[in-house]
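As structure tokens, the structure follows; a few thoughts come after it.
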Amino acid sequence: MHKAEINNRPLNNPVWLFLVGVAIVAGLGLAWIQGDQGGPKLDSVDTIAITKASFLFQFAKSNDWPEETRKGNFKIGIHGNRILFDFLVEKYSSQTIGVRCWK
């Protein structure tokens with residue numbers, strides 16, 4: 001029966017076994033670091049809806065509206081985007097546009 005050899009040196013050389021062990025541990029460590037280990041997850045927040053909501057509010061707040069339109073609540077309609085609507089209500093419902101309430 002033949003012994004495993006590389007360049008006429010047996011594979012049971014302590015230095016060779018140590019290097020193989022280090023390579024295996026390093027590979028496993030790298031795989032563990034790159035794997036999903038329960039770390040922080042990416043948000044499932046809709047950043048486009050947040051950006052649109054911020055734009056709508058800043059647009060409404062920064063415009064100089066005509067005097068005759070400055071009475072009553074400031075109303076805005078959102079069609080077909082429930083996430084945008086919910087974010088507007090959550091973030092800006094307590095804000096005012098001039099002296100008018102945001103609805």
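Of all residues in the stretch 66-95, those satisfying the criterion of being under 21 Å from V45 (Cα atoms) and of a type in the set (S, T, Y) are Y92, S93. Can you say whether S93 is touching a Cys at 6+ places or on another chain (Cβ under 9 Å) and at pLDDT 75 or above, as far as the supplied structure shows? It is true that S93 is touching a Cys at 6+ places or on another chain (Cβ under 9 Å) and at pLDDT 75 or above. Filtered by the rule that a residue be in contact (Cβ under 8 Å) with a residue 12 or more places away in the chain and surrounded by 14 or more Cβ atoms within 10 Å (Cβ to Cβ), the stretch 65-100 gives F74, I76, N81, I83, L84, F87, L88, Y92, I97, R100. Would the stretch 56-63 turn up any residue that is in a loop (DSSP other than H, G, I, E, B), surrounded by 10 or more Cβ atoms within 10 Å (Cβ to Cβ) and at pLDDT 80 or above? The answer is yes, given that some residue of the stretch 56-63 is in a loop (DSSP other than H, G, I, E, B), surrounded by 10 or more Cβ atoms within 10 Å (Cβ to Cβ) and at pLDDT 80 or above.
The values are calculated or read from the model by the stated rules, or taken from the named source; none is laboratory data. For clarity, every value in this text was computed on a predicted model and none was experimentally measured. Reconstructed Cβ throughout: ideal geometry from the backbone, glycine too, with neighbour counts over all protein chains shown.
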